[in-house]
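A short worksheet on the structure shown next.
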Amino acid sequence: MKKIIILGLMVTTFVGIGLIAISSPIVDTPPTFLYSFGTRGMGDGQFYSPWAIRGDKAGNMYVTDRINENVQKFTAAGTFINKFGSGGWGAGQFNSAVGITVNGINEIFVMDLNNCRVQKFNPGFGYMLEWGDLEHCNTTLPGQFNQGYDVAVGDDGSVYVADSNNSRIQKFTTNGVFISQWVSSGGPRGIFVNGDDVWVSEAVADRIQKFTTDGTPVLQFGSLGFGDGQFDQPRGLATDKFGNLYVVDSDNHRIQKFTSNGVFLTKWGAYGTAHGQFNMPTQIAIHPISGNVYVVDSKNNRVEVFSPPTSSVPVQTTTWGRIKDLIK
């Protein structure tokens, strides 16, 4: 028995008996809108330019806000729990809080864009430490940042930063000790780590790159446009339990989903204010328990929540004959 691919079809041949089974590709159905939370404002549970979202293992969700200069914690259903942060440059303060990530012991890392640093907090929101500083802001020194937009954590606790205007990815220990760096030449905006894969969105090049955790390039795909697999300012990234990749295609006001090899699966969203529509979405997260999809709809000042996209079961047909007769 052997398997080959013909025009995207899986063909299994049973050599010697002439039996050929053909399975069509898996097709994804866009998700269903479930609920939304957040309105424009400065109060608890309100947003004024929300930017990023990530969840902890218990299923709580954390949202950064660039103008309110804080991080808010919500239940999975969107009920406000608590918040921390204010405007400034002191410990625990922010000047444009953008990327966020949570490690396996619920420590929180926040990318403090215009203060040119990463801040680390304990699960109770207590300030722990930081790295990067205003004195060396916008330099190329290791451990310093020039428009660092996003932060991610690996399975081993290593921290990765998309250092956008320096066109690089920097890797650190959990306490901010510099480990390594590599080139991401297309203006990295989003970063997400899944096992041995480091996914990076590049907003200038309008493409997605996948690296190993030591920075070796694995694949890239995408170009400027509005077709399937094309992008206009890709930003946030996330993967589901199957390894599928979700990309926030920000200026196309939509989400696109791909296999781990970059094959397009489905998309949803369009410009607007109705549920299921977006106005400059910026980040996405997959709930660790339910698998629901959370999208930060930045200019609509809300988080939209969707059911997971569903995949159809491949249709398999069986026929008798020689493979060469099917591909004449």
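P(r) tail for the stretch 250-309: Cα pairs beyond 12 Å make up 66% of the total.
Applying 1/(1 + (r/R0)^6) with R0 = 30 Å to the Cβ-Cβ distance of residue 240 and residue 80 gives a FRET efficiency near 0.70. Computed extension length for residue 89-residue 114: 8.1 nm, one decimal, from 0.36 nm per residue of separation with the Cα-Cα distance subtracted.
Across the stretch 280-287, computed HN-Hα scalar couplings (Karplus, 6.51 cos²θ - 1.76 cosθ + 1.60, θ = phi - 60°) run 6, x, 10, 8, 9, 8, 9, 5 Hz from first to last residue, x flagging Gly and Pro. Once backbone amide H atoms are built at 1.01 Å from N, residue 292 has 287 as its partners under 5 Å, excluding neighbours fewer than 5 places away on the same chain.
Here the Karplus curve 6.51 cos²θ - 1.76 cosθ + 1.60, taken at θ = phi - 60°, turns the phi angles of the stretch 209-216 into couplings of 10, 10, 10, 6, 6, 9, x, 6 Hz, with x standing for Gly and Pro. Each residue of the stretch 218-225 was assigned a 3J(HN,Hα) from its phi angle through the Karplus expression (A = 6.51, B = -1.76, C = 1.60, θ = phi - 60°), giving 10, 7, 8, 7, x, 7, 5, x Hz with x at Gly and Pro.
By the gyration tensor of its Cα atoms, with a ≥ b ≥ c the square roots of the eigenvalues, what is the shape of the stretch 145-292: rounded for a/c under 1.5, prolate for a/b over b/c, or oblate? Taking the square roots of the gyration eigenvalues as a ≥ b ≥ c, the stretch 145-292 is prolate. Taking amide hydrogens as placed 1.01 Å from N in the peptide plane, the amide H of residue 139 sits under 5 Å from those of 145, each at least 5 positions away in sequence or on another chain. Amide H to amide H distances under 5 Å link residue 194 with 199, where only residues 5 or more positions off or on other chains count and H is placed in the peptide plane.
The loop-placed chymotrypsin sites (Phe, Trp or Tyr not before Pro) in the stretch 197-264, going by DSSP, that have at most 12 neighbouring Cβ atoms within 10 Å of their Cβ come out as 226, 242. A full extension of the chain between residue 141 and residue 177 corresponds to an added length of 11.7 nm, given 0.36 nm per residue minus the alpha carbon distance. If you take all other residues with their beta carbon under 15 Å from the beta carbon of residue 204, and give Lys and Arg +1 and Asp and Glu -1, the sum is -3. Note on the chain: semi-axes of the ellipsoid equivalent to its C-alpha gyration tensor, largest first and rounded to whole Å, are 38, 22, 17. Compared with the direct C-alpha span, the chain from residue 223 to residue 40 gains 62.6 nm at full extension, assuming 0.36 nm per residue. When 128, 280, 111 are compared by accessible area of protein heavy atoms, the largest-first order is 128, 280, 111, using a 1.4 Å probe. Annotation for the stretch 92-144: GluC sites (Glu not before Pro) lying in DSSP loop with at most 11 further Cβ atoms inside 10 Å of their Cβ are 135. The residues of the stretch 170-301 have, on average, 37 Å² of accessible surface per residue, using a 1.4 Å probe with all protein chains present.
Once you order the gyration tensor axes a ≥ b ≥ c over the Cα atoms, which shape class does the stretch 115-193 get: rounded for a/c under 1.5, otherwise prolate or oblate by comparing a/b with b/c? Oblate, because a/c is 1.5 or more while a/b does not exceed b/c. Model label points for residue 155 and residue 259, set 7 angstrom from Cα along the Cα-to-Cβ axis, are 2.1 nm apart.
How much net charge surrounds residue 296 when only other residues with a Cβ under 14 Å from its Cβ are counted (Lys, Arg +1; Asp, Glu -1)?
With Lys, Arg at +1 and Asp, Glu at -1, the neighbours total +3.
Solvent-accessible area assigned to carbon and sulfur over the stretch 54-112 amounts to 51 percent, based on a 1.4 Å probe.
The values are calculated or read from the model by the stated rules, or taken from the named source; none is laboratory data. Everything quoted here is computed from the prediction, not taken from an experiment. Neighbour counts run over all protein chains shown; Cβ positions are idealised from the backbone, glycine included. Just the protein is used for accessible areas: all its heavy atoms, side chains included, with ligands, DNA and RNA removed. Shrake-Rupley method; radii C 1.70, N 1.55, O 1.52, S 1.80 Å.
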